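Peer 1: Mind looking over this structure? Questions follow.
The values are calculated or read from the model by the stated rules, or taken from the named source; none is laboratory data. All of these numbers come straight from a predicted model, not from anything done at the bench. Quick reminder, even Gly has a Cβ in these numbers, built from the backbone with ideal geometry, and neighbours come from all protein chains shown. Accessible surface areas use protein heavy atoms only, side chains included; no ligands, DNA or RNA. Shrake-Rupley method; radii C 1.70, N 1.55, O 1.52, S 1.80 Å.
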Amino acid sequence: MGRSQILLFALGTAILSVLFVSSLADGDVLVLTEANFDKEVGQDRGALVEFYAPWCGHCKKLAPEYEKLGSSFKKAKTVLIGKVDCDEHKSVCSKYGVSGYPTIQWFPKGSLEPKKYEGPRTAEALVEFVNTEGGTNVKLATIPSNVVVLTPETFNQVVLDETKDVLVEFYAPWCGHCKHLAPIYEKVANAYKSEDDVIIANVDADKYKDLAEKYGVSGYPTLKFFPKGNKAGEDYEGGRDLDDFVKFLNEKCGTHRDATGTLTSQAGIVAALDSLVKEFISASNDERKAILTRIEEEVEKLTGSSTRYGKTYLKAAKSCMEKGFDYAKKEIERLERMLEKSISAAKADEFIIKKNILSTFAA
């Protein structure tokens, strides 16, 4: 197996591993499927299960409340909070008589005979219900938000900052569409929380009508993007799914995040240096010295965050000359092992960027 084949195999294994892990949970709510339902529910703990459909408006409205519930019980060993996508796993939903969405059922410990939840669809009411049925005494968790809340006093300071790209939602508390957007918008903020120059914000346009009027807001929610180079603002007219926002922000802000906030394979890549690396790989040993000088010259021209990426390219090039191109492959493998451990978001970003750059030397 060649060097590039080994690299592709290693990267593929890592991606499949991440996808498998992410399929098991959505935040602190366990994702239940036809494959794992009977293994998780009706065992040694009680389980509250939401049967939902992705297109269901009532389900979308429940989503942020149910996520709060999951966060509240994430450390409770005797209770499971789970959910089933009935579009994808019809047989499970049919088995338990689900005919409308969302349907919420409680499965006692050791039982697959559910009790239907008929109470209010709020996190507070659901916590009380689960405590009663499960014999627990859990308090409702307070989940910190990464959405910056704006007021007339703070709007200009945040939005008109020329060093920041700012997405602003103008909303009204009573607006149904705003409520549906809220959990998605929170996930957008979570995805970009590590980007210092990207701000996801909102403002109560019903409360601060003068501010809304100043920016031509006539319906809710209205989303406006204020990039570093245009503080007059521009209307956001894209889709309102998480992936739509992520695609928009990556294109506008030059970021490379996926919907979970993880850096993509393009993070840290500098096009000008990438082309030089291709020459570097195929060159003879004598030719590489001259190309290394060109890499050094190109790195000197870089500004902003690209400066840091350039230094990583340069270090990788020198290491490959000293230790051979197996260095890149071995270092990638080491970084992948580190990424599988429990590390901070900042450290994960650092390792992914280094891995991406090293991958250009291992191609």
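Peer 1: Could you work out how far helix 57-72 tilts from the main Cα principal axis of the chain, as a 0 to 90 degree angle to the nearest 10?
Peer 2: Helix 57-72 and the main axis of the chain meet at about 80 degrees.
Peer 1: Right, another one. Using 0.36 nm times the number of residues separating residue 308 and residue 259, minus their current alpha carbon distance, what extension gain do you get?
Peer 2: Working: separation 49, 0.36 × 49 = 17.64 nm, distance 2.45 nm.
Stretched fully, the residue 308-residue 259 segment lengthens by 15.2 nm.
Peer 1: Using +1 at the C-beta of Lys and Arg and -1 at the C-beta of Asp and Glu, which of 82, 94, 136 has the Cα lying farthest in the positive direction of the dipole of the range 81-137?
Peer 2: So the residue furthest toward the plus end is 94.
Peer 1: While we're on this one: Which residue, 71, 145, 305, tops the fluctuation ranking in a GNM of the chain built on C-alpha contacts under 10 Å?
Peer 2: Looking only at 71, 145, 305, the largest GNM fluctuation is found for 305.
Peer 1: Consider a paramagnetic label point 7 Å from the Cα of residue 193 along Cα→Cβ; state which residues of the range 117-154 have an amide N under 19 Å from it.
Peer 2: Inside the label zone: 140-150.
Peer 1: What base-10 log of the normalised intensity I(q)/I(0) is obtained for the range 43-135 from the Debye formula, alpha carbons as equal point scatterers, at q = 0.14, 0.19 Å⁻¹?
Peer 2: Debye output, listed in q order: -0.46, -0.87.
Peer 1: Could you order 343, 291, 199 so the one with the most accessible surface comes first? Probe is 1.4 Å.
Peer 2: 343, 199, 291
Peer 1: Accessible area per residue, 1.4 Å probe, Å², for the range 204-317: what's the number?
Peer 2: 56 Å²
Peer 1: Taking the Cα centre of the chain as origin and charging only Cβ (+1 Lys, Arg; -1 Asp, Glu), how large is the dipole, in debye to the nearest 20?
Peer 2: 900 debye
Peer 1: Tell me, what % of the accessible area of the chain is carbon and sulfur with a 1.4 angstrom probe?
Peer 2: The computed percentage sits at 52.
Peer 1: Follow-up. With n ≥ 4 as the cut-off for DSSP H runs, can you work out [θ] at 222 nm for the chain, using -39500 (n - 2.57) per run divided by the number of residues, rounded to the nearest 500?
Peer 2: For the chain, the value works out to -15500 deg cm²/dmol.
Peer 1: Given points 7 Å out from each Cα along the Cα-Cβ axis, report the residue 175 to residue 206 separation in nanometres with one decimal.
Peer 2: Each label point lies 7 Å from its Cα, and together they span 1.0 nm.
Peer 1: With the contact rule set at Cα under 8 Å and sequence spacing of 6 or more, what percent relative contact order holds for the chain? Write down the numbers at each step before the final one.
Peer 2: Details: 510 pairs, mean separation 47.9, N = 363.
Worked out over the chain, it gives 13 percent.
Peer 1: Excluding ligands and nucleic acids, what accessible area in Å² is computed for residue 344 using a 1.4 Å probe, to the nearest 10?
Peer 2: Estimated to the nearest 10 Å², residue 344 gives 70 Å².
Peer 1: Still on this structure, please answer the following. Under a Cβ-only charge scheme (Lys and Arg +1, Asp and Glu -1), can you give me the dipole magnitude of the range 198-242 about the Cα centre, in debye to the nearest 20?
Peer 2: Roughly 180 debye, rounded to the nearest 20.
Peer 1: Residues in the range 202-236, backbone N under 17 Å from the label point at residue 160 (7 Å along the Cα-to-beta-carbon vector): list them, ranges by number please.
Peer 2: 210-216, 225-234
Peer 1: Using all alpha carbons of the range 228-319, what is the percent of pairwise distances in each 5 Å bin, ordered from the shortest bin to the longest?
Peer 2: Here the calculated profile for the range 228-319 is 2, 12, 19, 17, 13, 12, 10, 7, 5, 2, 1.
Peer 1: Decide, for the range 79-209, between rounded, prolate and oblate: order the square roots of the alpha carbon gyration tensor eigenvalues as a ≥ b ≥ c, take rounded if a/c falls under 1.5, and otherwise choose prolate if a/b is larger than b/c, else oblate. Can you show the working numbers first?
Peer 2: Values: a/c = 2.54, a/b = 2.34, b/c = 1.09.
In terms of gyration-tensor shape, prolate.
Peer 1: On to the next question. Just check the chain against the gyration tensor rule for me: Cα atoms, a ≥ b ≥ c as the square roots of the eigenvalues, rounded for a/c under 1.5, and otherwise prolate or oblate depending on whether a/b exceeds b/c. Walk me through the numbers before you get to the answer.
Peer 2: On the way: a/c = 2.85, a/b = 1.42, b/c = 2.01.
Since a/c reaches 1.5 but b/c is at least a/b, the shape of the chain is classed as oblate.
Peer 1: Continuing with this model, one more query. When the chain is treated as a GNM, springs tying every alpha-carbon pair under 10 Å, which of 272, 316, 328 comes out with the largest mean-square fluctuation?
Peer 2: 272
Peer 1: Still on this structure, I have one more. Express in nm, to one decimal, how much length is gained between residue 74 and residue 342 on full extension, taking 0.36 nm for each residue of separation and deducting their alpha carbon distance. Spell out each step's value before the answer.
Peer 2: Working: separation 268, 0.36 × 268 = 96.48 nm, distance 1.74 nm.
This chain segment gains 94.7 nm when fully extended.
Peer 1: Can you give the FRET efficiency for residue 247 and residue 318, using 1/(1 + (r/R0)^6), R0 = 25 Å, r = Cβ-Cβ distance, to the nearest 0.05?
Peer 2: E between residue 247 and residue 318, to the nearest 0.05, is 0.10.
Peer 1: I would also like to ask the following. How much accessible surface area, in Å² rounded to 10, belongs to the heavy atoms of residue 256 with a 1.4 Å probe?
Peer 2: Estimated to the nearest 10 Å², residue 256 gives 70 Å².
Peer 1: Same structure, new question: For the range 140-239, count the residues as N, evaluate 2.2 N^0.38 Å, and divide the Cα radius of gyration by that value, please.
Peer 2: That works out to 1.02 for the range 140-239.
Peer 1: Probe of 1.4 angstrom, ligands and nucleic acids ignored: what's the accessible area per residue over the range 117-162, in square angstrom?
Peer 2: 62 Å²
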